[in-house]
Amino acid sequence: MLHDLADRNVVRVRPGMTVTEVVTAATANHPAAGPPLAAAATIFSEVWYAQRPATADHDHRMRDHASRLRHLLADEPAEADGHTAGSPGGTRSDRPSAASGEPAP
């Protein structure tokens, strides 16, 4: 999901970004992305922070959220100029750092 957001210049990925920061930035730049991202972030937090085992249901729901996000992003560009607000060039990092202890989805 993070790659989809970065590839479409919805979010400029920075090392150490938290899942909450990703959801907030993506929702600000592409409001329709908010619901599937928030739902995916909840699952991520449940598994990562609460250290609950990931289940088949988690996997199914995450795949559904990712699919919804891809469809939403394909239907509407983030901005007319192709760049995310506040991010000249809209570049991305292929591997966000987990330095904060909270890797993004």
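Here, each number is a calculation from the coordinates, and none is a lab measurement. Since the structure is predicted, the reported quantities are computational estimates derived from the model, not experimental observations.
At-a-glance table
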quantity: Net length gained if the chain between TYR49 and SER67 were fully extended (0.36 nm per residue, minus Cα distance); calculated: 4.1 nm
quantity: Prolate/oblate/rounded label for the range 17-77 (Cα gyration tensor, a/c 1.5); calculated: oblate
quantity: ³J(HN,Hα) computed for each position of the range 27-34 - Karplus, 6.51 cos²θ - 1.76 cosθ + 1.60, integer Hz, glycine/proline x; calculated: 5, 5, 8, 8, x, 5, 6, x
